[in-house]
Amino acid sequence: MGDAEQQNGSRGRVLIVDDEEGVRDTLASLLRRKGFTVTAVDSAPGAIQALQVEPIDVVLSDVHMPGMDGVQLLREVRRVALDLPVILISGAQSLDTALAAMELGVFGYLLKPPAVDELVGRLERATRLHAIARLKREALRLVGDAHPLPGDRAGLEQAFTLALETVHLAFQPIVSPATRSVFAYEALLRSDYEPLNRPLDLLAAAERLDLGFHLGQRIRERAAIAAGRLLPDGVLLFMNLRPADLADPQLYDPGAPLSQVAMRVVVELTERESLDRVSDIESCVERLRRLGYRIAIDDLGTGYAGLSSFTHLSPDVVKLDMALVRGVDKDGRRAKVVSAMAGLCHDMRIGVVAEGVETEEEHQALVGLGTDYLQGYRFGRPLREVKPPSW
Ligand code: G
Ligand code: MN
């Protein structure tokens, strides 16, 4: 562990932020005497700068400072350090400030002058928890599961804001093997901001911040540009819609950017989430159709059993999940399910897309089993630019 907290026998590395020199020096020498490693700066911007270059376990900041106050500092800290504990000390008790700080996930809120034992205790605890937070993050990275979301609201807000700045769409071709042409591109959500670059994490963050509609609208704006300008003539755009977005009135606004190109758009609704939670789903879908959208069921075969997605949505297209597609050339049971599903869908005039086609063997098997359209790494990965598939 390169930067463990007990380096140099220190009790922890504290960054003191206070605009008053006297307070700063008193705190610094007190904490040094108690065995902490101390860095002291006189402003919030100075603190942000220090955090970029020095390993710090806990920030101890004054609340009232000219320029940027302690609460703003708390937000800014989350830009550079997702788990770093911040303790605020205030000269005056202000309930508003304390509440704002708490909502943002402040680690502690003390009044000046703080009792020495309490201060030392808090700093020690913060140092330990910081180490634990970093370990958790590292463990999750090792296990390879989701990037853990920042634990508090300030962290999440910062991460989400940064992710939004680089949010974009990646396009993956959906091909028609019968005509060897591109039928459509699926637009997939991406962000370059590493902690939230997985779409599900980004969506979860948006949801926790009550910004789900906002994110949905941003995505649809970009999809509208793609459908209007980037795609070749006659090629459709598939785009994913969270069931929760069905409740956003903006979706049905005929003046909204995506509504203008709805005739070229196939809206995917996933089977992974229950559609029963969406109230009045049938009328939502009806309104989408009236705007010109077509409807696809996404991830078929993974989600809820039963037929509710078919009865609710009357889809134009279904997309067979890649779990069903994987190894379909070798697995007779998968082949049977795919072929039966394709047959039934054709009877109902529903197009069938097989997702996640990776190998030439899967490609050939799926053509034999009657799927109309294919999507997957075999033909092209999702890319920022609209690129032709490889055959
Ligand atoms: O839930 P949905 O079907 O929209 O998700 C599609 C996801 O599958 C995308 O994130 C995309 O990057 C991924 N994907 C697309 N094609 C393939 C493939 O051939 N193999 C694998 N493993 N993943 C794929
Ligand atoms: Mn999809």
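Quick notes on this structure:
- The stretch 270-287, subset of a type outside the set (V, I, T) and in contact with a strand residue (DSSP E or B) (Cβ under 6 Å, 6 or more places away or on another chain), residue least open to solvent (accessible area, probe 1.4 Å): E271
- A count restricted to the stretch 236-255 and to residues that are more than 16 Å from ligand 1 (Cβ to nearest atom) and either open to solvent by 10 Å² or more (accessible area, probe 1.4 Å) or on the phi > 0 side of the Ramachandran plot (or both) stands at 7.
- Strands (runs of 3 or more DSSP E) wholly inside the stretch 52-127 containing at least 2 residues that are open to solvent by 50 Å² or more (accessible area, probe 1.4 Å): none
- Residue that is nearest to ligand 1 (Cβ to nearest atom), among those in the stretch 288-309 that are at pLDDT 95 or above and within 28 Å of the chain's Cα centre (by Cα): A296
- Flag if K330 is modelled with pLDDT of 85 or more and surrounded by 14 or more Cβ atoms within 10 Å (Cβ to Cβ): no
- Residue ranges of helices (runs of 4 or more DSSP H) in the stretch 305-358 with at least 3 members within 16 Å of ligand 2 (Cβ to nearest atom): 322-325
- Here G212 meets each of (1) more than 25 Å from P388 (Cβ to Cβ); (2) of a type in the set (G, A, S); (3) in contact (Cβ under 8 Å) with a residue 40 or more places away in the chain with one exception, condition (3).
- Some residue of the stretch 164-182 being among the β-branched types (V, I, T), open to solvent by 20 Å² or more (accessible area, probe 1.4 Å), closer than 16 Å to R384 by Cα and in a helix (DSSP H, G or I): no
- For the residues D321, D347, D316, D331, the requirement of being free of Cβ contacts under 8 Å to residues at least 60 places away in the same chain and touching an Asp or Glu at 6+ places or on another chain (Cβ under 7 Å) singles out D321.
- Test result for D201, in a helix (DSSP H, G or I) and open to solvent by 10 Å² or more (accessible area, probe 1.4 Å): yes
- Matching option when the condition is farther than 23 Å from V235 by Cα, of a type outside the set (D, E), buried (at least 18 other Cβ atoms within 10 Å of the Cβ) and near ligand 1 (Cβ under 10 Å from one of its atoms), among V325, V338: V325
- In the set (1) open to solvent by 60 Å² or more (accessible area, probe 1.4 Å); (2) closer than 21 Å to Q172 by Cβ; (3) not in a loop (DSSP other than H, G, I, E, B), the condition left unmet by Q260 is number (2).
- All positions within the stretch 341-362 that are within 22 Å of L237 (Cα to Cα), crowded, with 20+ Cβ neighbours inside 10 Å and within 11 Å of ligand 1 (Cβ to nearest atom): V353, A354, E355, V357
- Subset of the stretch 263-272 (residues that are within 16 Å of ligand 1 (Cβ to nearest atom) and either modelled with pLDDT of 95 or more or assigned to a loop (DSSP other than H, G, I, E, B) (or both)): V265, V266, V267, E268, E271, R272
The values are calculated or read from the model by the stated rules, or taken from the named source; none is laboratory data. As the structure is a computational prediction, the values presented were derived from the model and not from experiment. Ideal geometry is used to build each Cβ from the backbone, glycine not excepted, and the neighbour counts take in all protein chains shown. Keep in mind that these areas ignore ligands, DNA and RNA; they rest on the heavy atoms of the full protein, side chains included. Shrake-Rupley method; radii C 1.70, N 1.55, O 1.52, S 1.80 Å.
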